[in-house]
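Undergrad: Submitted below is the structure of interest, expressed as structure tokens.
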Amino acid sequence: VNRVMDFSNISTIVINHNIGGIPQVQTWLPDGSGGYTDASVDIDHDWDTMLTSTVNIGEISTGKLIYTFNN
């Protein structure tokens, strides 16, 4: 299952996925040409509860997050 989350003007995003597992997370930022590019960011997963992941972009940005997990 893929989930898409838009974000605007923030540098840290907490994903409350509540799946009890660790999703794959991609962060997409505008490329300046009308599209998006896959950004390399720091992602911290809560390994104790496996209910949240925190994405640290490193600068205030706007873009999209895609997180994927299997049922």
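Undergrad: What is the number of the single condition among (1) more than 10 Å from the chain's Cα centre (by Cα); (2) in contact (Cβ under 8 Å) with a residue 12 or more places away in the chain that MET5 does not meet?
TA: (1)
Undergrad: Give the residue that is farthest from GLY20 (Cα to Cα), with candidates limited to residues of region 33-70 that are open to solvent by less than 50 Å² (accessible area, probe 1.4 Å) and aromatic (Phe, Trp, Tyr).
TA: Going through the qualifying residues, I end up with TYR67.
Undergrad: Okay, next question. Quick one: is THR68 of a type in the set (Ser, Thr, Tyr), modelled with pLDDT of 95 or more and in contact with a strand residue (DSSP E or B) (Cβ under 7 Å, 6 or more places away or on another chain)? Lay out the reasoning, then the answer.
TA: Values: of a type in the set (Ser, Thr, Tyr): yes; modelled with pLDDT of 95 or more: no; in contact with a strand residue (DSSP E or B) (Cβ under 7 Å, 6 or more places away or on another chain): yes.
Criteria not met by THR68.
Undergrad: Considering only residues that are of a type in the set (A, V, I, L, M), within 16 Å of VAL1 (Cα to Cα) and part of a strand (DSSP E or B), which ones fall in region 11-69?
TA: ILE15, VAL25, LEU65, ILE66
The values are calculated or read from the model by the stated rules, or taken from the named source; none is laboratory data. Bear in mind that the values here come from a model prediction, so they are computed numbers and not experimental data. Backbone-built Cβ (ideal geometry, glycine too); neighbour counts: all protein chains shown. In case anyone asks, the SASA skips ligands and DNA or RNA and just uses the protein heavy atoms, side chains included. Shrake-Rupley method; radii C 1.70, N 1.55, O 1.52, S 1.80 Å.
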